[in-house]
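J.: Below you'll find the structure I mean.
The values are calculated or read from the model by the stated rules, or taken from the named source; none is laboratory data. Values in this document were obtained by computation on a predicted structure and should not be read as measured data. FYI the Cβ positions are ideal-geometry reconstructions off the backbone, even for glycines, and counts take in every protein chain you see. For the accessible areas, the whole protein counts, side chains as well, though only heavy atoms, and no ligand, DNA or RNA atoms are used. Shrake-Rupley method; radii C 1.70, N 1.55, O 1.52, S 1.80 Å.
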Amino acid sequence: KTDAEKFALALSGYVLGPDAAVSDLSAAATLWKARDFVQSYLQSDDSDTRSDLLDKLGALEIPDDSAQKVSTRRLEVVTRLARLMSPPLHEESAKPGEVRLRRVPDDQNEAPTEYAVFLPPEYHPLRSYPAVVALHSGEGPESAVAWCSAEAARRGYIVIAPQYNLPGEAVDYHFSPSEHAAVELSLRDARRRFAIDSDRVFLCGQLNGGHMAWDFGVAHPDMFAGVAVVSGLPLKYVIRYLEKNSDRLPLYVALGDLAPASNEIVFGTLVKPLIAKGNDVTYVEHFKRGLEELPEEAPSVFDWMDHRPSREPYPKEFDVKTARESDNRFYGIVIHEFADGRTTSPVAVDPAGKNLNPATIKLKSSTLTTPLLLKYEVSGLRRFDVWVSPKFVDVKKRLEIRVNGRSLKIAPKPNLEPLLEDLRIRGDRQQVYWLKVPVQLPAA
């Protein structure tokens, strides 16, 4: 090969990966322009600027396979560029080995969301690191970082510790949407700033944070590779969600045998049936211990995380329940409106969840048929979006989505804007979607 071709392969391989490198120098230069446009788009908070960048991306000459009826080359390029670039909001001032308190910008919550972050000593923005979202026991984010920072540093984990309590609020966990928003906004912001492997994010909590780890984990199972609960009790929504929502969510549960209802309810009624049906569950019981922080659990929790597989963001089938407005995203389903009576505010929920009437979502799919078939059975929903990933189905082919027996035959029209907006907002560069299909169901 000529020097120009070798240079082109080096340039394009750096931004797209070696398996997608090109030997044409002009094409390689175009890919670098595209990378700059994508990075600027993901950094921008101005809609007019993003619209202009979208037009520039659309105008770039990116060759496609002329034999394909549906062009996805531009989507493929943007997806690869986003995954291999440094985090869009990377800060050169971020220092590994230090604990920093960050505030989520433009947060519309009652009080701006803050979180503490810890980067491992070898941190570099062009690498990819597992992360643990640490929920504090009631003593604040710094205490959660202190519990796990030594193991995180030794094993190469990023730690994100949200402040989920509102100022002036009782130091407790209230099962509220605002607490959930604090965790989700913290993780989204961290994914945009730090090199987090979104398929290797774990949730961990102690005491009050343990109660929340149970609740947030089973309410958002597609966000995590696993959930570790230390001295936390499963209450309210958890009891109704757990059987279905935890099917693909590894669990590590550590509890003292003197903790309230540890044997009768937590293990006997909830955890043991999950183990019996083959779920990935580890249960640790501490002899003659009550509801305590159990600091000695940190090495065991990290050992467990080290040996868990990556999350499964695109299952070919799933069955989940939801009964709270903030529990609105499951494996590509984004809920915009529930049916009347299917959500219940936290203050009104019975401690055992007996008065809940959850909405349900079931998926069975066949990717071998023509057209490709995604079959959803839902109850308790009025309006939602179905997001389709290229890792799940070949979006170049015809697609049929059935919702409660009603067929929606989709002629795919690849569009950069939904892809880029989802990347910009959630910052999840591993869970990427190319197609959004709105669904409106008639009122019962």
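J.: With a ≥ b ≥ c the root eigenvalues of the C-alpha gyration tensor of region 257-357, is it rounded (a/c under 1.5), prolate (a/b larger than b/c) or oblate?
T.: Judged from the Cα gyration tensor, region 257-357 comes out oblate (a/c at least 1.5, b/c at or above a/b).
J.: Note the listed values (1) 68, 56, 48; (2) 73, 54, 40; (3) 63, 60, 41, then indicate which one is Cα extents along the principal axes in Å calculated from this particular structure.
T.: Entry (2).
J.: Mean separation of Cα pairs under 8 Å and 6+ residues apart, divided by the residue count of the chain: what relative contact order is that in percent?
T.: Numbers: 918 pairs, mean separation 55.0, N = 444.
12 percent.
J.: How much accessible area per residue does the chain have, counting only protein heavy atoms and a probe of 1.4 Å, in square angstrom? Provide the component values of the computation, followed by the final result.
T.: Details: 18990 Å² over 444 residues.
Roughly 43 Å² per residue, with all protein chains present.
J.: Something else: Give me the distance between the Cα centres of region 231-302 and region 335-398, rounded to whole Å.
T.: Here the two parts' Cα centres lie 27 Å apart.
J.: Please give me, ordered by residue number, the GluC sites (Glu not before Pro) of region 77-185 that lie in loop per DSSP and have at most 14 other Cβ atoms within 10 Å. Working shown, then result.
T.: Details: sites: Glu91, Glu92, Glu98, Glu110, Glu114, Glu122, Glu139, Glu142, Glu151, Glu169, Glu179, Glu184; in loops: Glu91, Glu92, Glu98, Glu110, Glu122, Glu139, Glu169.
The qualifying sites are Glu91, Glu92, Glu98, Glu110, Glu122, Glu169.
J.: Under a 5 Å amide H to amide H cut-off, with H placed in plane at 1.01 Å, what residues pair with Ala352 once short-range neighbours are removed?
T.: Lys236
J.: Within the set Lys364/Lys396; Lys33/Lys391; Lys1/Lys436; Lys56/Lys362; Lys236/Lys413; Lys33/Lys409, which residue pairs have Cα atoms separated by over 31 Å?
T.: Numbers: Lys364/Lys396 20 Å; Lys33/Lys391 26 Å; Lys1/Lys436 42 Å; Lys56/Lys362 40 Å; Lys236/Lys413 42 Å; Lys33/Lys409 36 Å.
As for pairs spanning more than 31 Å Cα to Cα, those are Lys1/Lys436; Lys56/Lys362; Lys236/Lys413; Lys33/Lys409.
J.: Right, another one. Would region 95-202 count as rounded, prolate or oblate if I go by the C-alpha gyration tensor, calling it rounded below 1.5 in a/c and otherwise prolate when a/b exceeds b/c, oblate otherwise?
T.: Working: a/c = 2.09, a/b = 1.57, b/c = 1.33.
It is prolate, given that a/c is not under 1.5 and a/b is the larger ratio.
J.: Please tell me the relative contact order of region 185-293 in percent, rounded to the nearest whole number, where contacts are Cα pairs under 8 Å and at least six residues apart. Write out the running numbers ahead of the final one.
T.: Working: 189 pairs, mean separation 26.4, N = 109.
Relative contact order, region 185-293: 24 percent.
J.: Related question: Place +1 on the Cβ of every Lys and Arg and -1 on the Cβ of every Asp and Glu in the chain, take the dipole about the Cα centre, and give the residue among Pro96, Ala259, His124 whose Cα lies farthest towards its positive end.
T.: His124
J.: How many angstrom lie between the Cα centre of region 306-330 and the Cα centre of region 184-225?
T.: 12 Å
J.: What ³J(HN,Hα) values, in whole Hz, does the Karplus curve 6.51 cos²θ - 1.76 cosθ + 1.60 give for region 72-77 when θ = phi - 60°, with x put for Gly and Pro?
T.: 10, 4, 5, 5, 4, 5
J.: Hey, can you grab everything whose amide H is under 5 Å from the amide H of Glu400? Only 5+ residues off in sequence or another chain; H modelled, so Pro and N-termini drop out.
T.: Leu372, Leu373, Leu374, Ile410
J.: For a quick check: with amide H placed at 1.01 Å from N, whose amide H comes under 5 Å from Val253's, ignoring anything fewer than 5 positions away on the same chain?
T.: Val229, Thr282, Tyr283, Val284
J.: Please figure out what share of the DSSP beta bridges in region 110-240 is antiparallel and state it in percent, rounded to the nearest 5. Intermediate results must be reported in sequence, preceding the final value.
T.: On the way: 4 of 18 bridges.
Restricted to region 110-240, the bridges split so that about 20 percent are antiparallel.
J.: Rounded to the nearest 500 deg cm²/dmol, what is the calculated helix-only ellipticity per residue at 222 nm for the chain, with -39500 (n - 2.57) per DSSP H run of length n ≥ 4?
T.: Numbers: 11 runs with 136 residues, N = 444.
Calculated mean residue ellipticity at 222 nm is -9500 deg cm²/dmol.
J.: How would you classify region 135-266 from its alpha-carbon gyration tensor, with a ≥ b ≥ c the square roots of the eigenvalues: rounded for a/c under 1.5, else prolate if a/b is greater than b/c, otherwise oblate? Spell out each step's value before the answer.
T.: Details: a/c = 1.38, a/b = 1.28, b/c = 1.08.
Note, shape of region 135-266 comes out rounded.
J.: Moving on to the next point. At a 1.4 Å probe, what is the % contribution of carbon and sulfur to the accessible area of the chain?
T.: Values: 9510 of 18990 Å².
Carbon and sulfur: 50 percent of the exposed surface of the chain.
J.: Note the angle between two axes, namely the Cα long axis of helix 416-426 and the longest principal axis of the Cα atoms of the chain, as a number of degrees from 0 to 90, rounded to the nearest 10.
T.: The angle comes out near 30 degrees.
J.: Ok, one more. What percent do you get for the relative contact order of region 118-183 when only Cα pairs under 8 Å and 6+ apart count? Write out the running numbers ahead of the final one.
T.: Values: 83 pairs, mean separation 23.4, N = 66.
Taking the mean separation of contacting Cα pairs over the length of region 118-183, I get 35 percent.
J.: Out of all DSSP beta bridges in the chain, what portion is antiparallel? Express it as a percent rounded to 5. Each step should come with its number before you reach the end.
T.: Working: 40 of 69 bridges.
Close to 60 percent.
J.: Measure nothing but the geometry: give the 0 to 90° angle between the long axis through the Cα atoms of 25-43 and the longest principal axis through the Cα atoms of the chain, rounded to 10°.
T.: In the chain, helix 25-43 runs at an angle near 40 degrees to the longest axis.
J.: Going Cα to Cα from Lys375, which aspartates and glutamates come in below 15 Å? Please leave out same-chain ones fewer than 8 positions away.
T.: In chain and number order, the partners are Glu317, Asp319, Asp385, Glu400.
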